[in-house]
Amino acid sequence: MNLHRSDRLQIDLDPKQHERIASGQAAEPISASAPSRELIRMARLPIHFFISAVALFGLGVTAMPWVVGDLTEFFYQPRILAVTHTFTLGWISSAIMGVMYRIVPAMTKRPLRFPRLARWQFGLYIFSATGLMAHMLIGAWTPTWMAAAVIVLSVVFFAMNMWHCLGPAWHRSAAETGMCLSIMFLLLAATLGLLLALDKSLGFLSGNVLTNLAGHAHLAALGWVSLTICSISYRMAPAFLLSELTLPRVAVWQLYGLAVGVAGLAMALLGWIPGTTVWSVVILAALLTYVGLLQTLVRNRRIPIDWTMRHALAGIVCLLLAVGLGFSLLWIDPDSALGNRVAGAYGVLGLLGWVTNFIIGMSFKLFPGFVVGVRDRRGWPKLAITELSLLRCRPIVFVLLNVGVLTLAAGLIIAQATIARLGALVLALGGLIYVALMGRTLSYAYRVSVPPASSDPFRILSSDSESPNDSIIQ
């Protein structure tokens with residue numbers, strides 16, 4: 001079995017090294033001669049993305065109970081599209097971009113080539129994404145495609161910085177390889193989304209509207225989001241679990257297989273090539289390989305399962321359920337009443353079950369460490385990572401999120417709007433608790449004050465008191 005040297009090294013770091021990386025004390029890829037203000041701005045850039053992501057997640061879960069009725073009737077409606085993009089653009093993509101801005105320069109040892117452009121990218125992206133959601137909501141398609149065009153531009157800016165860091169290292173390990181590929185799919189998904197919005201005004205696209213929409217959705221959900229999740233998992237999971245095993249070479253081939261399957265499926269849905277079923281089987285094989293690799297790492301862990309990994313495992317369950325529903329749509333007409341309900345449940349399990357579980361679980365590990373790093377840059381009073389982590393509420397978030405997602409999906413499939421709405425309300429409750437908790441944690445990157453318990457003069461700040469799992473692995 002071929003092993004990556006970088007993957008072997010990453011789980012050998014001692015807890016103090018984990019803590020230094022988490023708090024930004026490890027060797028920074030940004031030049032030491034850079035102005036301190038520039039360092040602070042770049043340290044805060046991921047936090048800006050996270051704050052926006054968490055706020056828009058709260059908006060999305062709050063809106064869900066109000067649009068369940070529309071979802072049970074037909075998923076292709078303005079309000080459903082607006083709420084869907086609140087999750088995909090506002091919550092999921094914002095959170096992923098924030099994480100990549102922090103971990104990609106650190107793990108490749110290459111600074112961002114255009115740091116000012118990165119800050120412009122954040123502003124353009126959030127402005128255009130919220131504009132697109134608002135105009136989708138009211139069905140105004142001309143401003144919608146104009147907002148989509150700005151999103152494409154912001155994605156180009158993002159890709160310029162990320163590929164500068166990842167390009168020379170794309171073949172070295174699974175993480176770099178997968179993220180290089182996923183950014184390509186982000187560009188494709190954004191471009192196709194722009195064309196779909198333009199088509200609403202100009203009517204130039206051939207083919208079925210629903211299959212064209214499905215092509216866009218799968219480029220985004222599987223090509224951009226799922227491929228990035230797999231890549232980040234391969235970097236983070238061995239460190240978080242202190243697994244005794246290292247990643248085999250098949251992890252890289254799993255990413256290539258998923259990329260090929262997604263590209264083939266998107267072209268088949270757009271009517272360019274045949275073989276929708278074949279490409280779906282390729283995607284299934286790639287995702288099952290990922291599940292198998294993650295299961296092997298979990299089975300050979302050296303520490304207990306925590307709430308981060310519980311969310312990851314719950315996400316895997318939702319992923320498998322979503323894959324099953326996705327395959328059923330190969331034989332069920334999406335235009336039919338049953339097909340509409342299955343498509344809605346498929347989206348709920350994929351976006352809110354699989355992806356959201358993963359992001360929330362990872363945020364418990366990563367976000368407090370990022371905040372500590374910003375405070376260190378500012379020279380503010382030091383905080384330990386555990387002081388920013390409210391552990392007691394994590395079981396509540398886990399239970400409410402997953403019960404809500406499963407109840408919502410079940411209600412859609414069996415055509416029971418009351419059950420679906422109950423699931424949406426439970427999901428909203430869990431989501432808003434998470435928003436409140438994570439908003440509190442992230443707020444300490446913007447204020448010099450410390451949590452009340454931190455005023456105790458006898459508290460211990462030594463890194464020896466921290467768990468190595470409360471940090472980001474380089």
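Read-outs: derived from the displayed coordinates by stated rules, not from any lab. Fair warning: this is a prediction, and the values are worked out from it, not measured in the lab. In this analysis, Cβ positions are derived from the backbone assuming ideal geometry, glycine residues included, and neighbour counts consider all displayed protein chains.
Give, in whole angstrom and from largest to smallest, the semi-axes √(5λ) of the equivalent ellipsoid of the chain, with λ running over the eigenvalues of the Cα gyration tensor. Display every interim value, and only then the final one.
On the way: eigenvalues 235, 115, 108 Å².
Calculated on Cα positions only, the semi-axes equal 34, 24, 23 Å.
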Task: Cβ-based exposure ranking for His135, His218, in which fewest neighbours within 10 Å come first - done: His135, His218
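Subtracting the Cα-Cα distance from 0.36 nm times the residue separation, let me have the gained length for Ala415 to Ala140 in nm, one decimal. Walk me through the numbers before you get to the answer.
On the way: separation 275, 0.36 × 275 = 99.00 nm, distance 2.99 nm.
Going from the current span to full extension adds 96.0 nm.
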Task: Taking the chain and dividing mean pair separation by its residue count, relative contact order in percent (alpha carbons under 8 Å, at least six apart) - done: 23 percent
Task: Order of Leu288, Leu219, Leu59, Leu391 - criterion: other Cβ atoms within 10 Å of each residue's Cβ, fewest first - done: Leu391, Leu288, Leu59, Leu219
Task: Modelled FRET efficiency - R0 35 Å, Asp376 with Leu313, Cβ distances, 0.05 increments - done: 0.60
Task: Hz values of 3J(HN,Hα) by residue in the stretch 259-273 - Karplus curve (6.51, -1.76, 1.60), Gly and Pro given as x - done: 4, 5, x, 5, 4, x, 5, 4, 5, 5, 5, 7, x, 7, 9
- [ ] Arrange Arg41, Arg341 by Cβ neighbour counts within 10 Å, fewest through most, would you?
- [x] Arg41, Arg341
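Residue separation times 0.36 nm, minus the C-alpha to C-alpha distance between Phe127 and Phe327: what's the value? Each step should come with its number before you reach the end.
Values: separation 200, 0.36 × 200 = 72.00 nm, distance 3.58 nm.
Length difference between fully extended and current span is 68.4 nm.
How big is the C-alpha Rg of the stretch 142-197 next to the rule-of-thumb value 2.2 N^0.38 Å, as a ratio?
1.29
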Task: Mean-position separation - Cα centroids, the stretch 185-233 and the stretch 401-453, in angstrom - done: 27 Å
Open item on the list: Quick check: pseudo-label points 7 Å beyond the Cα along Cα→Cβ at Tyr446 and Thr62, how many nm apart are they?
Closed with: 1.5 nm
Task: Two-decimal log10 I(q)/I(0) for the stretch 31-141, as the Debye equation yields it once each C-alpha is a single scatterer, q = 0.12, 0.24 Å⁻¹ - done: -0.50, -1.27
Task: Computed helical MRE - 222 nm, the chain, DSSP H runs ≥ 4 contributing -39500 (n - 2.57), nearest 500 - done: -23500 deg cm²/dmol
- [ ] Work out the FRET efficiency for Val281 and Lys200 from their Cβ-Cβ distance, taking R0 = 30 Å, and round it to the nearest 0.05.
- [x] 0.35
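Let me confirm the definition first: pairs of Lys residues in the chain, 8 or more apart or on different chains, C-alpha distance under 29 Å. How many are there? Kindly include the intermediate steps, with their values, before the conclusion.
Working: Lys16/Lys109; Lys16/Lys365; Lys16/Lys382; Lys109/Lys365; Lys109/Lys382; Lys365/Lys382.
The number of close lysine pairs in the chain is 6.
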Open item on the list: Quick check for me: using +1 on Lys/Arg Cβ and -1 on Asp/Glu Cβ, what's the dipole size of the chain about its Cα centre, in debye to the nearest 20?
Closed with: 1080 debye
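Could you give the length gained by full extension between Arg41 and Thr386, i.e. 0.36 nm per residue of separation minus their alpha carbon distance, to one decimal place? Don't skip to the answer; put the middle values down first.
Values: separation 345, 0.36 × 345 = 124.20 nm, distance 2.43 nm.
Gain on extension, Arg41 to Thr386, equals 121.8 nm.
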